[in-house]
Amino acid sequence: MSTVAVETVGLVKRVEGAVSATLVNGVDLKVTEGEFVAITGPSGSGKSSLLYLLGLLDAPTEGELIIHGQATSRLSDTQKAQLRLSTIGFVFQFHFLLPEFRAINNVMLPMRALGKLSSADMRDQGVALLKSLGLEEAINKLPNQLSGGQRQRVAIARALANDPQIIIADEPTGNLDSHATDQVFSILRDLARQHRTVIVVTHDLGLAARADRTIRIVDGRIAQSACDLTAAK
Amino acid sequence: MGFLFEIAWTHVSSRIRQTFIGVLGVATGVGFTIMMSGLMQGGQRDFIHTLIDNMPHITVTDERTSVEKQPAEEAYQAAQAANLVAVERRSGIKNPNQVVSSLRSWIPGAIAPSIKISAMINVAEQHVGVSLTGIDPQQEERVSKLAGEMRQGTIGDLYHAANAVLIGQTLATKLGVRVGSSVTLSTGEGVSVSGPVVGIFEFHVRDIDEGQIYAMTRTAQVLAARPTLINEMRVRLDDALAAREVASQIEAQTGYRSISWQEANSDLLSAFKIRDFIMMLVMGAMLLVSTFAIYSIISTITNEKRHDIAIMKSLGIREQWVQSIFIIESIIIGFVGVIGGSALGYFLTVSISQITYTNPFTGGKQPVPIYVTPTDYVAIGILSLFCCAVAALLPTWKATRVHPVDIIRGAS
């Protein structure tokens, strides 16, 4: 029995305001270590909201999120930030690289925030990460000098900077052409093989099919969960 | 936290135009604040210097601080006297030599006994009431600037003729006398003496130049019909600012009224307090203006950097750290502004000190007094850096409290 990396118990996210809505409506989910999970669903189904909850970017209205056995609802903002920094890597649809910083500096940013390595080690590790993603020539370039696919891969490298156990990606291929999409998905796939937990939201059912498990979200609930661990591995 | 500084530095250095405007705002504020402070302090110091230079720091007079006891009160414990004519005592300081030498033993400065009397100066048919001070020329040099203000003749010339006098420039013009002219002095005691004018001084202070004359101690004693009279002691201290304490000590020791220069000019000095207050307000307003410049620039930067803020927070960089990035930016802009402002302030003060103006009262040409110490630069610099940091607090706090999810959702 593999260890559970991410577990949710009755997770609910409601927004109050001019328009009140329940984005996530009681999700119970277990994702084991090394699992590659794809979350699909129609627009507005709450899959991104669920992802933000899983990634500690947003706080649930009700329910509990347990990451590596640690309940998170009582953590302070600073503690959550620290947990995010050290164990969760985020990739968004939009690359969100800091525009004034070269690729290597963007990748080193989370390392420097964590502050566990010496400057030289950070640089070495950043270079190694970029190289492993085929970005050797991009190391010292600014984001606006890179192609869309390169930027997204730099963003992945940044997400991996602190060697997180959990990778969370929100439509990481949404803005990419098919070649780049393929590349990015292969990288995520490989990460799962390296025993990291990968959770990806995607519209692309073809890509979702390459995951270990697909979770379909409709109206904030899990509508269907297809598990095909053996086939994928 | 080197990377926070690095991010801040990258932000400000990649927005040169904006940064430059911010720096300009701070520099202008700092520069003109330094200039203002220099002018205010310069004017004040100039005035106080004139004041301190032209008058003794402490004047001890024979005036008593309380009414003398009536003989009955001294003889009988129970006696009480009221509304009686004051006991007649001979005026003057008793045992002046003893008092002077005992004061000399502890006062940090010089002390010179003198006689101050009212007299009439008569030349031809003109009679002008003046204040006559009988001095010892050797000691006078140590307690007043008279020697330096002589336009013709010297203090020492008093020795060279019997009953010689020194008179002020304005009075000399008024009476039509010059060095060598003979004048007659007379007093209410019915004494009158004649002697030559041996020197003319000019303090550029009307009261002195028109109403004050100096003669030898002896001459004054003759005019007062009191051959041993000493009714005034003038003290010049090494540290003029200690005058107040020393004066009260002298008063306590001798019982004679001692007036420090501060007390003698208390109304002027209290006017300076108000001036200081106004200066603080004006300088505060200038710094406030530059603070607004910073506020607006940091607001713009944080607004433009909403995505960066969101992404840094989503990466797990703490809110306070993200906020401090922008506060550091404000301080960088402020720091460069302070450096530039100090240069501007220095340039302004040096330029202004080159300007001379014609004193409307004395007609003399003199430079505009301006006075700035390195401490002023440092104090104004630190104050504006502080203002910059404070100005950045609100916009950065607002900007960094943004929820990353809101931004990320909006962007994708």
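The values are calculated or read from the model by the stated rules, or taken from the named source; none is laboratory data. These figures come from a predicted structure and were not determined experimentally. Positions of Cβ are backbone-derived with ideal geometry, glycine not excepted, and every protein chain shown enters the neighbour counts.
Can you confirm whether region B:336-346 contains a residue that is within 14 Å of chain A (Cβ to nearest Cβ) and over 30 Å from residue A:15 (Cβ atoms)? For region B:336-346, residues within 14 Å of chain A (Cβ to nearest Cβ) and over 30 Å from residue A:15 (Cβ atoms): absent. Residues in region A:109-121 that are surrounded by 23 or more Cβ atoms within 10 Å (Cβ to Cβ) and more than 8 Å from chain B (Cβ to nearest Cβ): A:111 only.
Inclusion of residue B:37 among residues that are in contact (Cβ under 8 Å) with a residue 40 or more places away in the chain and more than 30 Å from residue B:331 (Cα to Cα) is not warranted. Scan region A:169-181 for residues that are more than 22 Å from residue B:314 (Cα to Cα), surrounded by 14 or more Cβ atoms within 10 Å (Cβ to Cβ) and of a type outside the set (A, V, I, L, M, F, W, C) and the total you get is 1. Taken over region B:180-210, the residue count meeting the criterion of being assigned to a helix (DSSP H, G or I) and either surrounded by 13 or more Cβ atoms within 10 Å (Cβ to Cβ) or not acidic (Asp, Glu) (or both) is 4.
The listed residues are A:23, A:51, and the only one of them that is within 30 Å of residue A:144 (Cβ to Cβ), within 12 Å of chain B (Cβ to nearest Cβ) and among the aliphatic types (A, V, I, L, M) turns out to be A:51. Within region B:168-188, residues that are in the same structural domain as residue B:222 (by TED's automatic domain parsing) and farther than 17 Å from residue B:149 by Cα reach partners that are part of a helix (DSSP H, G or I) and at pLDDT 90 or above with beta carbons closer than 8 Å, at six or more positions or on different chains, in the pairs B:174/B:210; B:183/B:175; B:185/B:219; B:185/B:223; B:186/B:223; B:187/B:223. Within region B:183-193, the residues that satisfy the criterion of being more than 20 Å from residue B:137 (Cβ to Cβ) and of a type outside the set (D, E, K, R) are B:184, B:186, B:187, B:188, B:190, B:191, B:192. Considered as a group, the residues in region B:391-412 that are exposed (fewer than 14 other Cβ atoms within 10 Å of the Cβ) and under 10 Å from residue B:299 (Cα atoms) include one that is farthest from the other protein chains (Cβ to nearest Cβ), and that residue is B:394. All of (1) in the same structural domain as residue B:213 (by TED's automatic domain parsing); (2) surrounded by 11 or more Cβ atoms within 10 Å (Cβ to Cβ) hold for residue B:61 with one exception: (1). Residue count for region B:283-298, restricted to those that are within 24 Å of the chain's Cα centre (by Cα) and either surrounded by 16 or more Cβ atoms within 10 Å (Cβ to Cβ) or under 18 Å from residue B:20 (Cα atoms) (or both): 2. For region A:135-152, filtering for residues that are surrounded by fewer than 19 Cβ atoms within 10 Å (Cβ to Cβ) and within 17 Å of residue A:178 (Cα to Cα) leaves 2.
Remark: pairs (first residue in region A:68-79, touching a residue at least 40 places away in the same chain (Cβ under 8 Å); second residue part of a helix (DSSP H, G or I); Cβ separation under 9 Å; 6+ apart in sequence or on different chains) = A:68/A:87. Within region B:373-399, the set of residues being more than 14 Å from residue B:294 (Cα to Cα) and not hydrophobic (A, V, I, L, M, F, W, C) comprises B:373, B:374, B:375, B:376, B:377, B:381, B:398. Looking at region A:54-99 only, could you name the residues that are surrounded by fewer than 21 Cβ atoms within 10 Å (Cβ to Cβ), of a type in the set (A, V, I, L, M) and within 8 Å of chain B (Cβ to nearest Cβ)? Result: A:83, A:98.
Looking at region A:15-33, is at least one residue among the acidic types (Asp, Glu) and surrounded by 14 or more Cβ atoms within 10 Å (Cβ to Cβ)? Yes, some residue in region A:15-33 is among the acidic types (Asp, Glu) and surrounded by 14 or more Cβ atoms within 10 Å (Cβ to Cβ). Within the set B:122, B:163, the sole residue that is assigned to a loop (DSSP other than H, G, I, E, B) and not β-branched (Val, Ile, Thr) turns out to be B:163.
Among the conditions (1) modelled with pLDDT of 85 or more; (2) in a helix (DSSP H, G or I), the only one that residue B:269 does not satisfy is (1). Scanning region B:1-55 for residues that are more than 14 Å from chain A (Cβ to nearest Cβ), surrounded by fewer than 18 Cβ atoms within 10 Å (Cβ to Cβ) and among the β-branched types (Val, Ile, Thr) returns B:21, B:50.
The set of residues from region B:323-365 being closer than 30 Å to residue B:170 by Cα, among the small types (Gly, Ala, Ser) and surrounded by 12 or more Cβ atoms within 10 Å (Cβ to Cβ) comprises just one member, B:353. Taken together, the residues in region B:216-258 that are of a type in the set (A, V, I, L, M), touching a residue at least 60 places away in the same chain (Cβ under 8 Å) and either on the phi > 0 side of the Ramachandran plot or surrounded by fewer than 18 Cβ atoms within 10 Å (Cβ to Cβ) (or both) amount to 1. Summed over region B:9-23, the residues that are of a type in the set (A, V, I, L, M) and modelled with pLDDT of 90 or more give a count of 1.
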